[in-house]
Amino acid sequence: MRKLLVLALVGLAAQLVDGSLGMAYGLTSSTLLLFAGVAPAAASASVHLAEIGTTLAAGVSHWRFGNVDWRVVGRIALPGAIGAFAGATFLSSISTEAAAPWMAAILFTLGAYLLVRFSRPLRATRAAGRLRSRFLAPLGLVAGFVDATGGGGWGPVATPALLVSGRMEPRKVIGSVDTSEFVVAGAASVGFLIGLGTEGFLLPTVAALLIGGLIAAPIAAWLVRIVPAQLLGAVIGGVIVLTNARTLLSAGGVSGSAPVVVYALLGVAWVVAIVLAVRALRRTRRARATVEAALASRRRSRRSRR
């Protein structure tokens, strides 16, 4: 019972992060399950089955807050589903011994990406025009495959790509990615069901993650407007990197004092990333305050002239 309660809290925290950043539910949950000794395919299968419920709740919540661009959802979800089904089939076909380092490497890379990305200022430049299918379809295909084989990755691949395009508001990027993930999670679950059978799903774990995620989904959709994504992304990135480093070091046969040195270096990098994230957040807020003050001054000047 205590383990299931912990998993429910993890599902809640993971959904709060995912709903606020547009990424990291699968990364966070899969990392914990791997750390607890769950087989990679079973971990990814269970997380994706839970995500069917959490992403549905997240999608409805984002829709109610006006955070969804349905045109983008329609053009990225189907290719994402195809990629996820292919990824689930691939992961189900390889042995646990071979899958563990593969999955840990994907999670480690995505965690490192989060550290780098959120340690720098988040720019939200707006470009003209709409996102086209020739961009969205390949993006969905790759993101879906990475998501299923890594136990997470739909958000870390799709969200930054859409943000960098500059053609969508950040809140609509997050809402659209979260909403389309419902289709992706469903396709991945079907792939795992065919490849592993019903025994591949850890149903108590699924239920615990689902309950936590359902509680957090509406809160996260509201928090996306106010949460400091800069700091949150750097913190969760470090957790994912440090946790998956253990599996990679073990698979590589690294022993003795070497793992301690590696953990120390990664810990220092994590602290540096958090410090840089805080500094970037402060700079962004100061710049925003300066712009708002200038606009307010102009408005007051216009009123005085009247």
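Coordinate-derived values only; no laboratory data. Only a predicted model underlies this, so the values are computations on that prediction, with no experimental measurement involved. Every residue, glycine among them, receives a Cβ derived from its backbone with ideal geometry; neighbour counts consider all protein chains shown.
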Original post:
Karplus couplings for the range 197-205 from phi (6.51 cos²θ - 1.76 cosθ + 1.60, θ = phi - 60°), rounded to Hz, Gly and Pro as x?
Top reply: x, 5, 6, x, 9, 8, 4, x, 5
Original post:
When the scattering of the range 166-210 is computed by the Debye formula from its Cα atoms alone, each counted once and equally, what is log10 I(q)/I(0) at q = 0.15, 0.22 Å⁻¹?
Top reply: -0.55, -0.81
Subject >> Equivalent-ellipsoid semi-axes of the range 228-306, from the Cα gyration tensor, Å, largest first >> reply: 48, 10, 5
**OP:** Take each of the peptides 197-208, 138-149, average the number of other beta-carbon atoms within 10 Å over its residues, and list them starting from the highest.
**Re:** 138-149, 197-208
**OP:** Could you pull out every residue, at least 5 positions away or on a different chain, whose amide H is within less than 5 Å of the one on LEU202? Hs are placed 1.01 Å off N in the peptide plane, and Pro or chain starts have none.
**Re:** SER46
